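Take a look at the structure set out below.
The values are calculated or read from the model by the stated rules, or taken from the named source; none is laboratory data. What you are looking at is a predicted structure, and each value in this text was computed from that prediction instead of being measured. Quick reminder, even Gly has a Cβ in these numbers, built from the backbone with ideal geometry, and neighbours come from all protein chains shown.
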């Protein structure tokens, strides 16, 4: 995260190397450790749950590109994710569920969906962007919901083949917790690196520019709709990759995956985790799904807990839970740097 | 029961000990499992569109377990209830949690057919003993049937089909219109009704559809008023049914046009208790009736506990408990051999509040008595589903051979 919106409209950007104290090797070791710990202690169910957190987190990460860097709050993001999920599930019935093929199908679906949506929404921002993306999303949902022959309608799709990985020697089925977890770790990591390089690349800077100084960017000769369209397509590609794996965690995909409430859930996850931080997407997804899955065992009113967490986050930790906790524990590096 | 128990267990251990080494290793585990509490997982909808139904289902199951002193076949029962929000993805997650983390012996519940279909592969893969309390899409008893998924509930076909028979015989050979909720269940109910009614020789007029969650049925009701049908076959559930019946009354159509529907349209607890007089005269075919002879004691107990007559979901929770009890008791509380549990449950019928319930060995689908209910004024002027006819032992066509 080399760029952080500070909430006042100013943006601080600096190369990642200046802000990070840990060397790359140490970071990699930490990462490997963090990946390995669940493998030792978690059962099949928990690993699948982690896989789901990582996959949905990856979709939220792609939303962060739009919201955190382009100021484009989309209520149609589930179309990229869910559309790719459906495409993968449908394609797997004909092509088999090779993970590389599925990812390709998902990424292409996500990009095409983003391109089509982009053509409709790229000239708008704020409320109009929100409404237009919502409408496009709901059109897709209606199609999915009623096209029973292809999508299974309200019942969704199940009974497609399990995900496989073709190596040179053998075909490995990815139908257990460990395999799905490892696949989603790789997906999440690749998506994170791709998103990071996008925001540090000139196109990412230009996207920030369109949010912060629209007029100046136009005056400098940038085509704002074009930049937004490119951001949408990049975001769609990442969301599509995540969507491609999603059906295989539970061997099921249903119309909820493209419904606007899915998009809204992603926004809530993003806000809880921290808008514009990229990594926060995974934190938010873990907190939301954790509450939904575990708190709901104790109370029917779990949505109240999600609501409270959301409100508290917005009120006292507007930059997300991680940044908020860091600040609360006295590590105020960010604050000092700003002042 | 508790006296007989240790004996049979000791016998078993003795025989196992005499047998091969592997079964000798398995025996202590078996002996232990009889003393361990029996964990029953229930997934139902406690938030989302089916909240009221889910709460009734949970209450029915809890009532049943309380009546049995929290024990089945001598084993203490631990009930773990999870909320699926009527969303398939969430339902799958909750089934995985119950099976993978809570290690339940039995999973049960489910209102939404979409959830029931979505979890099918999960429970099949895990070979989990599953009792679907209410999800009723036809495919669940056909293409999606599964060796260890038992269905102590109806399929949509059972209700649509019997309504078709009744309508042709008693309501009229022509002058039929249909109006239904435009989603999977609505399409199935209406489709099965129309198929049977036409097969009998009946003629169906206009067919109307309303999206799920329709608030204003006005345009459809004026169409009905203009068409002047003899009767209407309809399927709506929950708040859609409540709004539809109220607006039928406001348009002065109730009473003029005979209305027959799926059980959910006139569900005693969920709909009739809310719309009251607007339901009077309505007909429905349902696997449950608060006035069925088999339901007499339960209806009384439920009314005492919840201050309302039971509808399908409250009863379904209770019946699921009854079927689980039968299964567990027939194998003396030892669920380790699932084939044996299945064999025992399919061997003979279970007496339930729905009525006698044998299971179809092809798909583990219950073969049920289907009641034709008419809403009449009961004691104290309260509209009640009164049984006016019973179709005995209705059996879903099942998987095509």
Point to revise | Residue in the range A:164-181 that is in a helix (DSSP H, G or I), farther than 22 Å from residue B:91 by Cβ and within 14 Å of another protein chain (Cβ to nearest Cβ) present | key: yes
Point to revise | Subset tally (residues that are more than 13 Å from chain A (Cβ to nearest Cβ) and on the phi < 0 side of the Ramachandran plot) for the range B:117-141 | key: 7
Point to revise | Given (1) in contact with a helix residue (DSSP H, G or I) (Cβ under 8 Å, 6 or more places away or on another chain); (2) surrounded by 16 or more Cβ atoms within 10 Å (Cβ to Cβ); (3) more than 30 Å from residue B:36 (Cβ to Cβ), number of the condition residue B:364 does not satisfy | key: (3)
Point to revise | Check on residue A:50, within 14 Å of chain B (Cβ to nearest Cβ), closer than 22 Å to residue A:294 by Cα, surrounded by 14 or more Cβ atoms within 10 Å (Cβ to Cβ) and touching a helix residue (DSSP H, G or I) at 6+ places or on another chain (Cβ under 7 Å) | key: yes
Exercise for review: Looking only at the range A:203-213, decide whether some residue is in a loop (DSSP other than H, G, I, E, B) and in contact (Cβ under 8 Å) with a residue 60 or more places away in the chain.
Suggested key: no
Review point. Is it the case that residue A:141 is modelled with pLDDT of 85 or more, surrounded by fewer than 16 Cβ atoms within 10 Å (Cβ to Cβ) and under 20 Å from residue A:83 (Cα atoms)?
Key: no
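Quick grid of which residues meet (1) buried (at least 24 other Cβ atoms within 10 Å of the Cβ); (2) modelled with pLDDT under 95; (3) under 26 Å from residue A:231 (Cβ atoms):
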| position | (1), (2), (3) |
| --- | --- |
| A:45 | no, yes, no |
| A:67 | no, yes, yes |
| A:72 | yes, yes, yes |
| A:76 | yes, yes, yes |
Practice item. Could you list all residues from the range B:75-111 that are at the interface with another protein chain (Cβ under 9 Å from one of its Cβ atoms), within 22 Å of the chain's Cα centre (by Cα) and part of a loop (DSSP other than H, G, I, E, B)? Key: B:85, B:87
Study note, to complete from the structure: Of the conditions (1) under 25 Å from residue A:57 (Cα atoms); (2) surrounded by 16 or more Cβ atoms within 10 Å (Cβ to Cβ); (3) within 14 Å of chain B (Cβ to nearest Cβ), the single one that residue A:106 does not satisfy is (3)
Point to revise | All positions within the range B:260-275 that are surrounded by 24 or more Cβ atoms within 10 Å (Cβ to Cβ) and without any contact (Cβ under 8 Å) to a residue 40 or more places away in the chain | key: B:265
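So, residue A:201, is that one more than 14 Å from chain B (Cβ to nearest Cβ), more than 15 Å from residue A:60 (Cα to Cα) and at pLDDT 90 or above or not?
On the way: more than 14 Å from chain B (Cβ to nearest Cβ): yes; more than 15 Å from residue A:60 (Cα to Cα): yes; at pLDDT 90 or above: yes.
Taking the combined requirement at face value, the residue satisfies it.
Looking at B:326, B:278, which one is assigned by TED's automatic domain parsing to the domain that holds residue B:386, touching a strand residue (DSSP E or B) at 6+ places or on another chain (Cβ under 9 Å) and touching a residue at least 12 places away in the same chain (Cβ under 8 Å)? Give the derivation first.
On the way: B:326 fails: assigned by TED's automatic domain parsing to the domain that holds residue B:386.
Of B:326, B:278, the one residue that is assigned by TED's automatic domain parsing to the domain that holds residue B:386, touching a strand residue (DSSP E or B) at 6+ places or on another chain (Cβ under 9 Å) and touching a residue at least 12 places away in the same chain (Cβ under 8 Å) is B:278.
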